[in-house]
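Colleague: Can you read through this structure? Questions will come right after.
The values are calculated or read from the model by the stated rules, or taken from the named source; none is laboratory data. Model, not experiment: these values are computed from the prediction. Note that we place each Cβ from the backbone using ideal geometry, even for glycine, and neighbour counts take in every protein chain shown.
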Amino acid sequence: MGASEEIEVLIRAKYPILYVVTYEERRTEEAVQRVCQNLSRSLHTWSVTQGMRPHVNRVSGPVKPSGVLPGELEALALVHEAPEFTVFLLKDFHPYMKDYRVIRLLRDLAARMRGRSQTLILCGPTLILPPELEKDITVVEFPLPTAKEIEDTLDKVSSAVKTNPSVNAELEASERERLVKSAQGLTLDEIESVFARSLVEKKKFDVEAILHEKQQIIRKSGILEYYAPDSKIKDVGGLELLKEWLDKRTKTFTDKAREFGIPAPKGILLLGVQGCGKSLVAKAVAAHWNLPLLKLDVGRIFGSLVGQSEENIRKAIKVSESVAPCVLWADELEKGFAGVGGSGVSDSGTTARVFATFLTWMSEKTSPVFLIATANDVSALPPEMLRKGRFDEIFFVDLPDEGEREQIFSIHIRKRKPDISKFNLKTLAKATEGFSGAEIEQVVVGALYAAFDAGRQLQQKDLLAEAKAVVPLSVMMSEDIEELRSWAQLRTRPASKREG
Ligand SMILES: Nc1ncnc2c1ncn2[C@@H]1O[C@H](COP(=O)(O)OP(=O)(O)OP(=O)(O)O)[C@@H](O)[C@H]1O
Ligand SMILES: [Mg+2]
């Protein structure tokens, strides 16, 4: 069911107050207008700048504005006076939702309107719902435009320039599909503007320009960060089992897989020792699958304002779904969701609620958003998170074994371009027992400095000297790592092939 059908049903079922959460006022207004036409209701629209339009007629004649009340209270008073078969759309009403008088008036209105053919619709970009009103207001999510709506807009824009000889608005079927896909996640206004801008600047519809615009939007959301693909799967050493698993799913995000009946994979949790390539894999997978990578800032979800955190997580989910298919990367998950259900800091249940929203989404989501979560510390993660069905798989990323260390050396030496055949990788791997991938990278970088300082090319002995000087973290944290390993043995799948 689309949002306008939902609104229609709610109006017919005499729900007194609806709250439509959206940036798209124009689209909302158009949808409400259509619904009102269908149901023969008269629509009155209010905004702080325009006041109520058209005027409200009482049975006993028009209501005169008293001129003494602030606008928002006046508006609610008008609703109170209005006859049946009316719908009120109040735009950007969220700033007033903190005023105790507004809250009380809305409660009174809800009681009065219940069972009458009268509906009040609040509309704004953020949801501010005081607890007193939770039971009286129904929240409607107004989704971003569908592919069909984007196509209609595309047709509208291109037919407007049809007679202009300097512009080429022609599109082949495949280009058209790509364009529509790339515009998903923008509001209709944004889509119209970016299409028009592309025609003015490039004289044609340009996918790159639209993708650029989309990165803007993601950035503006504040909680998600758009990552340009830089790492590749071949930059990741070892972790063969994990790579195989991921490789098998490369084609599952295509329409073809969907038609075949394969559901899009949900996501994985990478759990493990610091610096062994968890974040690296997340970045590489997105590039390998050719999907946009969105990084979720788990810490920033918990904004300082009450109610903001829930709003944030909903927004992040919505934006990522609108960009789908994509990879959503929740790095260091335990930092955000630590202590849920514990009695630690009291944040009146905000963390728990945000967490619940996230969990529900994880188990119910059908949109092709592939979640890659990473964590170092399982004890900090709430057990519900690890239950079956949330993630497709939980992988344990351990310290690299000898063979893997060889690969990692090879990757990092090659990256800095010295001739790889001059190095004995086996000896290097043997000399770095207990080193993480990050530490091996440090050895290579440190050795490069030494060689540069001595004014010559990098040599095997620089690497060995550097390796000797480093005490790997795994030595200092051997107990923690052992504990993590034994926990992981029973509950997770290893990311690497291990002999023995
Ligand atoms: N398996 C690996 N292959 C190649 N390089 C690696 C590997 N593991 C780590 N590295 C190097 O170390 C860097 C840091 O690794 P990464 O950030 O992926 O570790 P992590 O597992 O996410 O650690 P943390 O738990 O501290 O976040 C990588 O950018 C990469 O250069
Ligand atoms: Mg990391």
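Colleague: Among the residues of the stretch 412-451, which ones are touching a Pro at 6+ places or on another chain (Cβ under 9 Å), within 19 Å of Glu402 (Cβ to Cβ) and not charged (D, E, K, R)?
Modeller: Residues satisfying the conditions are Ala429, Thr432, Gly434, Phe435, Ser436, Gly437, Ile440.
Colleague: Tally up the residues in the stretch 366-397 that are within 13 Å of Arg491 (Cα to Cα), within 16 Å of ligand 2 (Cβ to nearest atom) and not in a strand (DSSP E or B), please.
Modeller: The total comes to 1.
Colleague: Need a quick list: helices (runs of 4 or more DSSP H) entirely within the stretch 420-492 having at least 1 residues that are under 24 Å from Ser379 (Cα atoms) and either among the aliphatic types (A, V, I, L, M) or modelled with pLDDT of 95 or more (or both). Before you say what the answer is, go through the steps one by one.
Modeller: Values: elements: 425-430, 437-453, 460-469, 473-476, 478-491.
Of the helices (runs of 4 or more DSSP H) lying wholly inside the stretch 420-492, those with at least 1 residues that are under 24 Å from Ser379 (Cα atoms) and either among the aliphatic types (A, V, I, L, M) or modelled with pLDDT of 95 or more (or both) span 437-453, 473-476, 478-491.
Colleague: Answer yes or no as to whether Glu84 is free of Cβ contacts under 8 Å to residues at least 24 places away in the same chain and assigned by TED's automatic domain parsing to the domain that holds Ser40. I'd like the intermediate steps shown before the answer.
Modeller: Working: free of Cβ contacts under 8 Å to residues at least 24 places away in the same chain: no; assigned by TED's automatic domain parsing to the domain that holds Ser40: yes.
Considered against the rule, which asks whether it is free of Cβ contacts under 8 Å to residues at least 24 places away in the same chain and assigned by TED's automatic domain parsing to the domain that holds Ser40, Glu84 comes out as no.
Colleague: Let me ask something else about it. State whether one or more residues within the stretch 427-435 are closer than 14 Å to Val273 by Cβ, crowded, with 17+ Cβ neighbours inside 10 Å and either touching a residue at least 60 places away in the same chain (Cβ under 8 Å) or touching a strand residue (DSSP E or B) at 6+ places or on another chain (Cβ under 9 Å) (or both).
Modeller: No - not one qualifying residue is present in the stretch 427-435.
Colleague: Scanning for something over 30 Å from Gly349 (Cα atoms) and out of contact with any helix residue (DSSP H, G or I) (no Cβ under 9 Å at 6 or more places or on another chain), does the stretch 298-314 turn up at least one residue?
Modeller: To start, the set of residues in the stretch 298-314 that are over 30 Å from Gly349 (Cα atoms) comprises none.
Scanning the stretch 298-314, I find no residue that is over 30 Å from Gly349 (Cα atoms) and out of contact with any helix residue (DSSP H, G or I) (no Cβ under 9 Å at 6 or more places or on another chain), so the answer is no.
Okay, residues lined up against (1) in contact (Cβ under 8 Å) with a residue 12 or more places away in the chain; (2) within 16 Å of ligand 1 (Cβ to nearest atom); (3) in the same structural domain as Leu381 (by TED's automatic domain parsing):
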position: Glu208; (1), (2), (3): no, no, no
position: Leu211; (1), (2), (3): yes, no, no
position: Ser231; (1), (2), (3): yes, yes, yes
position: Gly238; (1), (2), (3): yes, yes, yes
position: Pro265; (1), (2), (3): yes, no, yes
position: Val281; (1), (2), (3): yes, yes, yes
position: Ala284; (1), (2), (3): yes, yes, yes
position: Ile301; (1), (2), (3): yes, no, yes
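Every residue, every condition in (1) at pLDDT below 80; (2) not hydroxyl-bearing (Ser, Thr, Tyr), yes or no:
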position	(1), (2)
Leu293	no, yes
Ile317	no, yes
Ser320	no, no
Glu334	no, yes
Thr351	yes, no
Trp361	no, yes
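Colleague: Looking at Arg456, Arg416, can you tell me which residue is of a type in the set (Lys, Arg) and touching a residue at least 12 places away in the same chain (Cβ under 8 Å)?
Modeller: Numbers: Arg456 fails: touching a residue at least 12 places away in the same chain (Cβ under 8 Å).
None of the others qualify; the one that does is Arg416.
Colleague: Give the residue, chosen from Ile150, Ile191, Ile137, Ile103, that is within 21 Å of Ile11 (Cβ to Cβ) and touching a helix residue (DSSP H, G or I) at 6+ places or on another chain (Cβ under 8 Å).
Modeller: Values: Ile150 fails: within 21 Å of Ile11 (Cβ to Cβ); Ile191 fails: within 21 Å of Ile11 (Cβ to Cβ); Ile103 fails: within 21 Å of Ile11 (Cβ to Cβ).
One residue alone meets the criteria, Ile137.
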